[in-house]
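Readers should treat all values here as calculations from the given coordinates under stated rules, not as data from a laboratory. All values reported here derive from a predicted model rather than from experimental measurement. In this analysis, Cβ positions are derived from the backbone assuming ideal geometry, glycine residues included, and neighbour counts consider all displayed protein chains.
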């Protein structure tokens with residue numbers, strides 16, 4: 001017998017509808033196999049879809065599994081934040097709670113909650129301590145992978161390296177916002193760069209700290225073609241380690 005599964009569609013990291021990063025939250029994923037969850041995530045075709053399950057250990061409140069269209073992730077930022085808001089809006093998280101702890105693939109992940117009456121207004125996700133890979137020897141290869149001149153990377157004087165707080169990304173600092181905007185994956189050069197540097201990363205996170213008369217510290221983009229995500233509009237699992245990198 002076919003069973004229906006309720007899900008909520010959220011736009012995360014935005015202050016208006018149809019902005020930010022899309023997310024599908026399945027409020028009760030019990031009965032779904034891993035293969036079914038993956039197929040659903042591929043069908044949804046958002047950067048990620050989440051499936052909420054009963055807790056598997058006593059120091060967590062719920063188990064969350066996170067899938068891109070291509071594979072499962074051990075953790076992710078916008079799915080954790082978006083799922084928190086979905087559970088609060090659905091009444092699963094009571095408005096007197098100050099924290100919820102999700103069981104993710106990396107272990108327990110606390111999320112601190114800020115309320116205005118019964119409405120959740122902010123959620124603070126804790127991420128694991130960062131790990132830093134050895135800077136790659138050929139930064140020009142990273143520039144080529146992004147279709148950019150080597151000076152766009154070399155001019156920063158900063159290392160190109162894998163950084164991870166649970167999901168590894170190749171961090172590529174760029175000199176200007178124009179360079180960030182101009183970047184586009186050159187797939188043969190991208191694959192060559194990753195092979196030559198023996199990079200084990202889920203995607204490439206490019207950013208600049210060029211000031212532009214606003215409060216933003218960094219201006220960034222993220223590409224993860226191997227995850228089925230040509231470009232992510234906002235990437236919490238890279239923004240956490242970015243703070244550590246900077």
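Neighbour counts of C-beta atoms inside 10 Å place 170, 8 in the sequence 8, 170, starting with the fewest.
Placing a label point 7 Å from the Cα of residue 9 along the Cα-to-Cβ direction, the residues of the range 35-79 with a backbone N closer than 17 Å are 40-50, 69. Mind grabbing the base-10 log of I(q)/I(0) for the chain at q = 0.10, 0.13 Å⁻¹? Debye formula, identical points on the C-alpha positions, no solvent, two decimal places. The Cα Debye sum returns log10 ratios of -0.50, -0.82. Computed on the Cα trace of the range 131-245, the radius of gyration divided by the Kirkwood hydrodynamic radius gives Rg/Rh = 0.92. Projected label points at residue 154 and residue 137, each 7 Å from Cα along the beta carbon direction, are separated by 1.7 nanometres. Anisotropy class assigned to the range 1-63 is oblate, per the alpha carbon gyration tensor with a/c at or over the 1.5 cut-off and a/b no larger than b/c. Starting from the Cα gyration tensor of the range 7-125, take the square roots of the eigenvalues, sort them a ≥ b ≥ c, and report rounded, prolate or oblate (rounded when a/c is under 1.5, otherwise prolate if a/b is larger than b/c, else oblate). Note, shape of the range 7-125 comes out oblate. Take the Cα of residue 187, step 7 Å toward its Cβ, do the same at residue 115, and the gap between the two points is 4.9 nm. Hey, with R₀ at 25 Å, roughly what FRET efficiency would residue 231 and residue 39 work out to, going by the Cβ-Cβ distance, to 0.05? E between residue 231 and residue 39, to the nearest 0.05, is 0.65. Per residue, the average separation of C-alpha pairs within less than 8 Å and at least 6 apart gives the chain a relative contact order of 14 percent.
Shape class of the range 60-114 from the Cα gyration tensor (axes a ≥ b ≥ c, square roots of the eigenvalues): prolate, since a/c reaches 1.5 or more and a/b is larger than b/c. Taken as Cα centroids, the range 223-238 and the range 157-182 sit 13 Å apart, rounded to the nearest whole angstrom.
Can you figure out the FRET efficiency of residue 178 with residue 2, using R₀ = 41 Å and their beta-carbon distance, to the nearest 0.05? Each step should come with its number before you reach the end.
Values: r = 52 Å, r/R0 = 1.26.
So the FRET efficiency works out to roughly 0.20.
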